[in-house]
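Enquirer: There's a structure below that I have some questions on.
Bear in mind these aren't lab numbers, they're just calculated from the coordinates by the rules spelled out. Computed from a prediction, not measured in an experiment: that's the story for all the values here. Because the Cβ atoms are built from the backbone with ideal geometry, glycine has one as well, and the counts that use them run over all protein chains shown.
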Amino acid sequence: MYIPSALRSACLTFAVAAVLGLPSSPLAAQPPRINTDELPRLEAFSHATRVGDLIFVAGTLGTVGQSFDLAPGGIGPQTTQTLRNIETILEAAGSDLAHLAKCTVYLTDMANFGEMNVAWIAVLGDSPPARATIESPTLALGAAVEIECIAQRRRPEPN
């Protein structure tokens, strides 16, 4: 039986979208942008975007409160604050740190890997998400660490 390639392509698109929980129509609504007033934000990007049950958290720094001031004390405190800021973003998006799937950590100096790792484990415990760590010569605001993540949205509690 002959199936036109356009039909095969459309069927494949719908099947992949269904498996991933993504909108299957090219005319789907814009994915929800997630921003929280608890953290500073530049107008050029959102804190996160939700697509289906996935939350894509933008590169996040260890800023304190609503200011653009970095947590003092170096890589350890900056890593801890960065993860707390990610937690704030995930809460606004309907998730939490336990639902992190993948993170990418950017360090300005790989010599700080060990200290970053200590802070990472202190916050995320013994079951952390998948992670890649990449050296980047400079980060915004002169930060020592920046982290971007993908998380899954929490499922509503059954009644």
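Enquirer: In what sequence, highest mean first, do 138-146, 77-85 appear when ranked by Cβ atoms within 10 angstrom? Before the final figure, lay out each step's value.
Expert: Values: 138-146: 17.6, 77-85: 22.8.
Per-residue Cβ counts within 10 Å, averaged per peptide and sorted highest first, yield 77-85, 138-146.
Enquirer: Another question, if that's okay. For each of Ser127, Ser46, count neighbouring Cβ atoms within 10 Å of the residue's Cβ, then give the residues from fewest to most.
Expert: Values: Ser127 6, Ser46 18.
So the ranking, lowest neighbour count to highest, is Ser127, Ser46.
Enquirer: Quickly work out the Ala122-to-Thr104 label distance, labels modelled 7 Å from Cα along the C-beta direction, and quote it in nm with one decimal.
Expert: Rounded to a tenth, the inter-label distance reads 2.7 nm.
Enquirer: Which FRET efficiency value, to the nearest 0.05, do you get for Ala111 and Arg41 by plugging their Cβ-Cβ distance into 1/(1 + (r/R0)^6) with R0 = 30 Å? Mind dumping the intermediate values first?
Expert: Values: r = 31 Å, r/R0 = 1.02.
Here the calculated transfer efficiency is 0.45.
Enquirer: Percent antiparallel among DSSP beta bridges with both residues in region 24-159, to the nearest 5?
Expert: Antiparallel bridges make up about 75 percent of those DSSP assigns within region 24-159.
Enquirer: Fewest first, what order do Leu100, Leu54 take by the number of other Cβ atoms within 10 Å?
Expert: Numbers: Leu100 24, Leu54 18.
Going from least to most buried by this count: Leu54, Leu100.
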